[in-house]
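Working notes, structure below.
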Amino acid sequence: MKTRDEEIDFIRLNGVRIASCAWNGFIAKGRGMVCVLSDLHNELLGHVPFDFMPAVDAAKFISEWDDSREKQMLTIYEPEKEVVICFVRSKGEKTDVDCYKVITRPPPPQAAEQE
């Protein structure tokens with residue numbers, strides 16, 4: 001996924017699973033984000049994995065964490081109705097990150113019940 005539209009489509013198509021993942025991760029590990037590994041390799045295989053990353057791990061992963069937009073998102077989001085989703089792409093030794101804070105339908109607790 002290279003464009004914002006592709007990322008938004010991915011969120012729409014996988015919204016319930018993403019919200020469920022976020023809620024289960026929040027219950028088990030506290031605040032965090034759902035990381036989507038959107039490398040071209042994964043896309044070509046037709047499987048784009050995602051998983052929950054607690055804030056403490058995100059702080060190690062994202063450079064300049066203390067002043068980052070991602071830290072701010074994780075500080076203010078409301079886990080009962082919102083999800084922070086981070087698209088991660090490797091580009092050689094560099095990693096690109098795009099993050100979104102979205103309200104999900106159904107909310108994360110209900111999504112987890114549906115899974």
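Among the listed pairs Lys60/Lys91; Lys29/Lys91; Lys2/Lys60; Lys2/Lys71; Lys60/Lys81, those with a Cα-Cα distance over 20 Å are Lys29/Lys91; Lys2/Lys60; Lys2/Lys71; Lys60/Lys81.
Heavy-atom accessible area for Leu37, with the other protein chains in place and a 1.4 Å probe, reaches approximately 80 Å².
Of the residues Val84, Val36, Val102, which exhibits the maximal mean-square fluctuation in a Gaussian network model of the chain defined by a 10 Å Cα contact cut-off? For the chain, modelled as a Gaussian network with Cα springs under 10 Å, the answer is Val102. Structure remark: mean-square fluctuation, Gaussian network model of the chain, C-alpha springs under 10 Å; the largest value among Lys71, Lys29, Lys94 belongs to Lys94. Largest first, the residues Phe52, Phe87, Phe61 sort by 1.4 Å accessible area into Phe61, Phe52, Phe87.
Per residue, how much accessible area does the chain show when a 1.4 Å probe rolls over the protein heavy atoms, in square angstrom?
Value for the chain: 60 Å² per residue.
Protein heavy-atom surface of the chain, 1.4 angstrom probe: 50% of the accessible area is carbon and sulfur, with nucleic acids and ligands not counted.
Largest mean-square fluctuation among Gly30, Gly92, Gly15, in a Gaussian network model of the chain whose springs join Cα atoms under 10 Å apart, belongs to Gly92.
With the helix formula -39500 (n - 2.57) applied to DSSP H stretches of n ≥ 4, the chain reaches a computed 222 nm mean residue ellipticity of -13000 deg cm²/dmol.
Per-residue accessible area (protein heavy atoms, 1.4 Å probe) orders Thr3, Thr104 as Thr3, Thr104, starting from the largest. In this rough spin-label picture, where each label sits 7 Å from Cα along the Cβ direction, the Glu115-Ile103 distance is 2.2 nm. The accessible area of Asp57, taken with all protein chains in place and a 1.4 Å probe, comes to roughly 60 Å². Which label marks the calculated value of P(r) over Cα pairs in 10 Å bins from 0, in percent, given the options (i) 14, 48, 33, 5; (ii) 14, 41, 32, 12, 1; (iii) 13, 45, 33, 8, 1? Here P(r) over Cα pairs in 10 Å bins from 0, in percent agrees with entry (i).
Taking Cβ atoms as reference points and 13 Å as the exclusive limit, the residues near Lys91 contribute a net charge of -1, counting Lys and Arg as +1 and Asp and Glu as -1.
The values are calculated or read from the model by the stated rules, or taken from the named source; none is laboratory data. Given the structure is predicted, the values throughout are model-derived calculations rather than measurements. Cβ sites come from the backbone with ideal geometry, for glycine too, and all protein chains shown count toward neighbours. Surface areas here come from the heavy atoms of the whole protein model, side chains and all, with no ligands, DNA or RNA. Shrake-Rupley method; radii C 1.70, N 1.55, O 1.52, S 1.80 Å.
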